[in-house]
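Report on the structure given below.
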Amino acid sequence: MINITPSDILVVSDWHLGFPGTQIKKINQFLDELLANKPFDKLILNGDIFDLNWQFFQKIIERHQEILTKLVKINQMGTKIIYILGNHDPLTANQKNYLYSFLNKIGLNDINILPAFQLKQNNSVYLVNHGHMFDTFIAEHKLASDWSDIGYRVTIAFDNFLGIGLTENIVRIFRRYTNWSNLYEKRCQRYLKKRKYQGLILGHTHEPKILEWIVKQKKYFKLPINLINVSEYLSLKNQPKEKVKKYFYNSGDWIEPGHCTYLVISATGQVELKYYNT
Ligand SMILES: [Mn+2]
């Protein structure tokens with residue numbers, strides 16, 4: 001059951017359409033339920049919705065017309081749709097045009113495709129981004145990450161075929177051994193410490209999670225010289241740092257059995273992590 005109000009924003013990521021092991025049935029049921037509900041404010045597709053490693057983009061779009069048609073219907077109900085690019089669907093200019101024209105053909109005229117999105121909800125400002133920008137493993141070990149990616153997909157395919165939880169165990173061992181999640185989250189924390197954002201809304205790691213951090217933050221951030229309010233800067237410059245709360249939200253994925261997760265952001269700026277159960 002999905003419980004949302006008209007002012008809510010929904011965030012999903014990592015559907016990996018095009019990858020044979022993704023939970024297509026669950027995604028379809030989820031969209032059907034959204035369609036049966038009243039419209040809501042925004043649906044943010046936060047990256048890796050398509051997975052271009054497996055099939056040509058045009059093929060993926062043709063294969064998943066049903067899902068795209070449901071997205072179009074959600075949009076026609078009055079819900080804005082924002083599509084954020086991930087590392088598996090970076091989309092070239094041509095691919096973007098192809099997607100736009102395909103969606104327009106089936107009735108969508110109001111979709112934004114962006115690399116990231118600043119979300120202001122009540123007094124909270126969040127950065128919504130797929131999250132691969134915080135992944136040093138991808139940045140520094142391109143080849144190794146490609147190979148571990150292939151290994152991950154192969155075990156996932158086995159899991160979905162045999163109905164076992166091999167991947168979760170392997171992934172857990174891999175993550176514990178390399179301290180990967182910890183390093184990833186530390187990087188996010190460091191990023192937030194230097195910025196005014198109250199939180200990051202990410203996907204990418206396939207680990208649905210909410211974390212709260214208390215960090216010491218300067219009261220004033222350096223701005224370009226033409227934007228600086230000099231008197232305000234001088235009065236705040238030497239003040240001690242203040243303790244502030246920062247948040248890490250991860251919307252998980254629709255690949256690993258038992259995940260199928262999404263985030264709901266209310267008009268007051270509160271963020272909740274939900275598991276979709278049918
Ligand atoms: Mn990703």
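Taken together, the values in this text are just the output of simple stated rules run on the coordinates, not laboratory data. The structure displayed is predicted, hence computed values, not measured ones. Please note: Cβ atoms are built from the backbone with ideal geometry, for glycine as well, and neighbour counts cover all protein chains shown.
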Return I214, I265, I201 ranked ascending by Cβ neighbour count within 10 Å, so the fewest neighbours appear first.
I214, I265, I201
For segment 5-83 and segment 246-276, write down the distance between their C-alpha centroids in whole Å.
15 Å
Rounded to 0.05, the calculated FRET efficiency for the beta carbons of N104 and E272 at R₀ = 25 Å is 0.15
Order by neighbour count: K243, K193, fewest other Cβ atoms within 10 Å first, most last.
K243, K193
At 7 Å along Cα-to-Cβ for each site, give me the label-to-label distance between N37 and N226 in nm.
4.3 nm
Sort L45, L35, L103 so that the residue with the fewest other Cβ atoms within 10 Å of its own Cβ comes first and the one with the most comes last.
L35, L103, L45
Among the listed pairs K70/K196; K59/K209; K59/K105; K42/K218; K120/K216, give every one whose C-alpha distance is greater than 25 Å.
K70/K196; K59/K209; K42/K218
